[in-house]
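All remarks here apply to the structure that follows.
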Amino acid sequence: MPNTSRVVVWDLPTRLFHWTLAILILLQYGTAEWHWLSMRWHVWFGYATLALLLFRVIWGFAGSQTSRFGGFVRGPARVLGYVRDLAAQRARTGVGHNPLGGWSVLAMLACLLVQTVTGLFASNRRHTEFGPWADRVSQDWSRRLTEIHEINQNLLLVLIALHVAAILFYWIGKQDNLIGPMLHGHKEVASPPSLRFASSVRALCVLAFAALVVWLVVLAGSRI
Ligand code: HEM
Ligand code: HEM
């Protein structure tokens, strides 16, 4: 491509987070809806998902510039301006999440957090499968949170469908392939910005901390 430079857009931790998350979510539906493995696995994959989400939330404050919430969450004026530019086919290709995409990322993270946290309290009708905190609250509350778990999984599916549709729209409609950068980290851009990246060692520490917190939460609920 003439007059463009290849720059790093996404750090390795964010990319690993994304594709591991996508695989885990597939496994969550596979175990809960299609009987791929026993529901015990659903709960275990759920713990892993919760740890990943906690990692991503912390990484949103302590990670690389393109992964920080402050780097991509924009106010309504910027979002509206971007939508207008998009409609008028004026929107420019940038690095990181665009102002609209930033909010879709927040919506997905919030929905995933609701799904995993309610899962901790969920229980099936015969109480043969249950999250570690299901017996720590009243049956009424466990039932309510299970209902939210059942309803919210539909909302999650809608958000994921919109997410994939948006990625395909940029690829086919705007010739902007966002998948490549999420895989290998690099993108060709006209005016390369100078970006700050956090080290992978820091990411490992954050991940270890997130896993420890989830382990303690599970342990506290299981009365072990
Ligand atoms: C269960 C399925 C999926 C979930 C829950 C999911 C969730 C997410 C999240 C949370 C982000 C933000 C990344 C971050 O900043 O940490 C993201 C970004 C992204 N996802 Fe997914 N994703 C899923 C499936 C997919 C699939 C199948 C594709 C490929 C078609 C894809 C392509 C992308 C791309 C290209 C980005 C970066 C978008 C940008 O440049 O702004 N995702 N996804
Ligand atoms: C993002 C992560 C998760 C997804 C996508 C997910 C998805 C689902 C789905 C689709 C169902 C079936 C709902 C229905 O019958 O309509 C379900 C049920 C269930 N999930 Fe999850 N789940 C997640 C996390 C968790 C976690 C973290 C736990 C526990 C630690 C958990 C525990 C359960 C239990 C006990 C049920 C059975 C409740 C019932 O029969 O309705 N889930 N989940």
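The values are calculated or read from the model by the stated rules, or taken from the named source; none is laboratory data. What you see is a predicted model, and the numbers here were worked out from it, not measured in a lab. Please note: Cβ atoms are built from the backbone with ideal geometry, for glycine as well, and neighbour counts cover all protein chains shown.
Applying the criterion of at least 1 residues that are over 29 Å from ARG202 (Cα atoms) and more than 19 Å from the chain's Cα centre (by Cα) to the helices (runs of 4 or more DSSP H) found wholly in the range 1-109 leaves 12-33, 39-62, 76-87.
Quick check, is ILE172 more than 14 Å from ligand 2 (Cβ to nearest atom) and either part of a helix (DSSP H, G or I) or surrounded by fewer than 16 Cβ atoms within 10 Å (Cβ to Cβ) (or both)? Quick ask: steps written out before the conclusion?
Working: more than 14 Å from ligand 2 (Cβ to nearest atom): yes; either part of a helix (DSSP H, G or I) or surrounded by fewer than 16 Cβ atoms within 10 Å (Cβ to Cβ) (or both): yes.
Judged against the criteria, ILE172 is a match.
Tell me whether the range 110-118 contains one or more residues that are in contact with a Leu (Cβ under 8 Å, 6 or more places away or on another chain), surrounded by 16 or more Cβ atoms within 10 Å (Cβ to Cβ) and part of a loop (DSSP other than H, G, I, E, B).
No, that holds for no residue.
Here's the yes/no breakdown for (1) more than 21 Å from the chain's Cα centre (by Cα); (2) more than 10 Å from ligand 1 (Cβ to nearest atom); (3) at pLDDT below 95:
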residue: LEU120; (1), (2), (3): no, yes, no
residue: ASN152; (1), (2), (3): no, yes, no
residue: ALA165; (1), (2), (3): no, no, no
residue: SER191; (1), (2), (3): yes, yes, yes
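Quick grid of which residues meet (1) over 17 Å from VAL105 (Cα atoms); (2) touching a Pro at 6+ places or on another chain (Cβ under 8 Å):
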{"position": "ASN152", "(1), (2)": "no, no"}
{"position": "LEU156", "(1), (2)": "no, no"}
{"position": "GLY173", "(1), (2)": "yes, no"}
{"position": "LEU178", "(1), (2)": "no, no"}
{"position": "PRO193", "(1), (2)": "yes, no"}
{"position": "ARG196", "(1), (2)": "yes, no"}
{"position": "VAL218", "(1), (2)": "yes, yes"}
{"position": "SER222", "(1), (2)": "yes, yes"}
